[in-house]
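Presented below is the structure to which this report refers.
The values are calculated or read from the model by the stated rules, or taken from the named source; none is laboratory data. Because the structure is a prediction, the values reported are computed rather than measured. Reconstructed Cβ throughout: ideal geometry from the backbone, glycine too, with neighbour counts over all protein chains shown. Ligands, DNA and RNA are stripped out before the accessible areas are found, and what is left, the full protein with its side chains, is counted by its heavy atoms. Shrake-Rupley method; radii C 1.70, N 1.55, O 1.52, S 1.80 Å.
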Amino acid sequence: MLLAAGSGAASAAATGEWVSYRDAYRAMVVFEKYGQPKNFIQSHYQVMPREKGVSLDGVQLSLQGKTMQLNLPLDAAGRSVFPFLKAAYDENAALVLSRKVGQYVFRPRISIIVQADGLYETAHLRAACEQALAWQRHTDASAGAKKCVGVRFAFTGAAGEPEVRLRRGAAGDTVLPAVTGAAFSDDPHAAFRVVNYRFAEGADKGQVVMTDAPLSIAALIE
């Protein structure tokens, strides 16, 4: 949502295009207040291209108010940690983008928390997906019939070709193939190496292991 001139947004926002911090705050605080289990999932503020061909390279986001100016670094998927600041809300601060805002979507993005050791119990991945689905049902009534089918690991490719293995005890390791795709199913920015792990029927008993940490982990919900 563009702020109209004279709406109370910081005059510093005149140097770029902007969206309302208050609107973003209202959207992001819903997850903060969400009372269901969410220990495996997290929420970021995402700047997402509206369509293919729109780049995130060099895109900068900042929070600008009458008494503040704060850079909000974006990762390769356009996500940033959202600052919950009373002063920014009171001042009707602006989230200023270095590009035309009409080319992007601004939204909360739920993802699964990345583990530093690169080790994921398959049962925990299923639980994480279920938490993401529960959140989706909380915010979107049309998600009621959907199911968790797996997770997607996205890599930038900066460390070379990702190697992700499914380990099932005596059955040994299986390498999960990597393909080029988007970090999230609704994101047109398909510039990553992604590895999909789809859940097996019945109980999960195993681990997904990798050497390099992924950029993001998305729940596969169909």
What is the Cα centroid distance between the range 83-100 and the range 148-222, reported in whole angstrom?
35
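Rounded if a/c is under 1.5, else prolate if a/b beats b/c, else oblate: with a ≥ b ≥ c from the C-alpha gyration tensor eigenvalues square-rooted, which is the range 19-110?
Oblate shape, in that a/c is at least 1.5 and b/c is the bigger or equal ratio.
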May I ask you to give the solvent-accessible area per residue for the range 115-221, in square angstrom, as obtained with a 1.4 angstrom probe?
50
On C-alpha positions alone, give me the angle between the axis of helix 122-139 and the longest principal axis of the chain, in degrees, nearest 10.
40
Phi-derived 3J(HN,Hα) across the range 27-36 with the Karplus relation (6.51, -1.76, 1.60, θ = phi - 60°), rounded Hz, x for Gly and Pro, is 6, 7, 6, 4, 5, 4, 8, 4, x, 7
Based on the alpha-carbon gyration tensor of the range 86-210 and its eigenvalue square roots a ≥ b ≥ c, which shape applies: rounded if a/c is under 1.5, prolate if not and a/b is larger than b/c, or oblate?
prolate
Leaving out ligands, DNA and RNA, and with a 1.4 Å probe, what % of the accessible surface on the range 115-221 is carbon or sulfur?
50
Taking a threshold of 27 Å on the Cα-Cα distance, which of the pairs 38/66; 38/86; 38/146; 33/100; 52/100 fall above it?
38/66; 33/100
Tell me which trypsin sites (Lys or Arg not before Pro) from the range 98-147 have a DSSP coil assignment and no more than 14 other beta carbons within 10 Å of their own.
100, 146, 147
Quick one: with all protein chains in place, what share of the accessible area of the range 27-76 is carbon or sulfur, to the nearest percent (1.4 Å probe)?
46
Heavy-atom accessible area per residue of the range 39-109, all protein chains kept, 1.4 Å probe, expressed in Å², is 49
I need the per residue convex hull volume for the chain, using only the alpha carbons, in cubic angstrom as a whole number.
133
